[in-house]
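Please read the structure below before turning to the comments.
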Amino acid sequence: MRISVSSYSYSQLGNSDFERIDLAKQMGFEGIEFAEINPGEKNKIEYAKQLRAYADKIGVEISNYAIGADFLNKDVDAEIERLKGEVDIAQILGVKTMRHDATIGLESERFSKTGFEKHLPTLAKGCKAVTEYAKTKGIKTCVENHGFYCQQSDRVEALINAVNDDNFGWLV
């Protein structure tokens with residue numbers, strides 16, 4: 001087992017992604033999960049390649065890539081395509097898993113059981129399309145009980161069952 005840290009843990013330090021890799025190494029972690037990457041004005045693909053090369057050089061594994069997503073408040077098809085691009089970034093980073101959000105939820109239905117059930121097919125459609133694409137890259141996708149709408153364990157379980165794909169799971 002390898003112990004990793006999330007880049008999010010260093011987010012309030014205002015440091016760069018490269019400095020976060022250094023911090024992970026200095027603190028004795030064997031890996032780092034990137035919760036988004038911030039290329040600034042640089043090309044994201046080239047930036048991801050540079051991050052991977054740097055992490056490899058100093059001996060820190062990039063263990064996971066986590067990104068925000070919202071299949072309800074954004075156009076689901078556009079969000080699927082955006083996330084497929086993030087899967088490509090995950091592949092460049094060399095990870096085997098990518099965690100993404102499903103939605104923050106609609107404000108008016110955030111704590112409504114019937115609201116979640118009504119939107120479950122849309123959430124499942126988005127997650128299924130992303131995981132099918134990720135499967136072609138050798139990457140498993142997952143969600144976690146994160147945010148407001150998909151935070152309760154029964155909702156995460158319902159989403160996993162609705163997606164019904166061995167390539168899609170729950171980050172615990």
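Looking at (1) out of contact with any Leu (no Cβ under 7 Å at 6 or more places or on another chain); (2) assigned to a loop (DSSP other than H, G, I, E, B), find the lone condition where Ala102 falls short.
(1)
Answer yes if at least one residue in the stretch 124-141 is assigned to a strand (DSSP E or B), modelled with pLDDT of 95 or more and assigned by TED's automatic domain parsing to the domain that holds Lys96, and no otherwise. Please lay out each step first, then the result.
In the first step, residues of the stretch 124-141 are kept if they are assigned to a strand (DSSP E or B); the result is 140-141.
Now narrow it down to the ones that are modelled with pLDDT of 95 or more: 140-141.
In the following step, the residues that additionally are assigned by TED's automatic domain parsing to the domain that holds Lys96 were identified as 140-141.
The answer is yes; a qualifying residue exists.
Are there any pairs, at least 6 apart or on different chains, whose C-beta atoms fall under 8 Å, with the first in the stretch 4-19 and within 16 Å of Tyr54 (Cβ to Cβ) and the second acidic (Asp, Glu) and in a helix (DSSP H, G or I), and if so, which?
Hits for this filter: Ser7/Asp17; Tyr10/Glu19.
So that you can scan it fast, the table gives a plain yes or no per residue for (1) polar (S, T, N, Q); (2) on the phi < 0 side of the Ramachandran plot; (3) touching a Cys at 6+ places or on another chain (Cβ under 9 Å):
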{"residue": "Val87", "(1), (2), (3)": "no, yes, no"}
{"residue": "His100", "(1), (2), (3)": "no, yes, yes"}
{"residue": "Glu107", "(1), (2), (3)": "no, yes, no"}
{"residue": "Pro121", "(1), (2), (3)": "no, yes, no"}
{"residue": "Gly126", "(1), (2), (3)": "no, yes, no"}
{"residue": "Thr136", "(1), (2), (3)": "yes, yes, no"}
{"residue": "Gln151", "(1), (2), (3)": "yes, yes, no"}
{"residue": "Glu157", "(1), (2), (3)": "no, yes, no"}
{"residue": "Asp165", "(1), (2), (3)": "no, yes, yes"}
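Quick one: in the stretch 143-161, which of the residues that are surrounded by 15 or more Cβ atoms within 10 Å (Cβ to Cβ), closer than 13 Å to Glu117 by Cα and not β-branched (Val, Ile, Thr) is nearest to the chain's Cα centre (by Cα)?
Among those residues, the one meeting the criterion is Cys150.
Is the stretch 75-95 home to any residue that is in contact with a Pro (Cβ under 9 Å, 6 or more places away or on another chain) and assigned to a helix (DSSP H, G or I)?
We begin by selecting, within the stretch 75-95, every residue in contact with a Pro (Cβ under 9 Å, 6 or more places away or on another chain); these are none.
Among the residues of the stretch 75-95, not one is in contact with a Pro (Cβ under 9 Å, 6 or more places away or on another chain) and assigned to a helix (DSSP H, G or I), which makes the answer no.
Counting only residues that are surrounded by fewer than 21 Cβ atoms within 10 Å (Cβ to Cβ) and aromatic (Phe, Trp, Tyr), which one in the stretch 83-142 is farthest from Asn161 (Cα to Cα)?
Phe111
A quick yes/no check of all residues on (1) touching a residue at least 24 places away in the same chain (Cβ under 8 Å); (2) over 28 Å from Arg52 (Cβ atoms); (3) in contact with a Phe, Trp or Tyr (Cβ under 9 Å, 6 or more places away or on another chain); (4) among the hydroxyl-bearing types (Ser, Thr, Tyr):
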| position | (1), (2), (3), (4) |
| --- | --- |
| Glu79 | yes, no, yes, no |
| Arg99 | yes, no, yes, no |
| Phe116 | yes, yes, yes, no |
| Leu120 | yes, yes, no, no |
| Thr131 | yes, no, yes, yes |
| Ala134 | yes, no, yes, no |
| Glu157 | no, yes, yes, no |
| Ala162 | yes, yes, no, no |
| Gly169 | yes, no, no, no |
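For the stretch 147-168, give me each residue that is touching a helix residue (DSSP H, G or I) at 6+ places or on another chain (Cβ under 6 Å), over 12 Å from Ala102 (Cβ atoms) and outside any loop (DSSP other than H, G, I, E, B).
none
So, of the residues in the stretch 1-43 that are among the β-branched types (Val, Ile, Thr) and over 17 Å from Arg99 (Cβ atoms), which turns out to be surrounded by the fewest Cβ atoms within 10 Å (Cβ to Cβ)?
First, pick out the residues of the stretch 1-43 that are among the β-branched types (Val, Ile, Thr): 3, 5, 21, 32, 37.
Checking which are over 17 Å from Arg99 (Cβ atoms) leaves us with 3, 21.
Details: Ile3: 10, Ile21: 24.
The qualifying residue surrounded by the fewest Cβ atoms within 10 Å (Cβ to Cβ) is Ile3.
The values are calculated or read from the model by the stated rules, or taken from the named source; none is laboratory data. For clarity, every value in this text was computed on a predicted model and none was experimentally measured. Backbone-built Cβ (ideal geometry, glycine too); neighbour counts: all protein chains shown.
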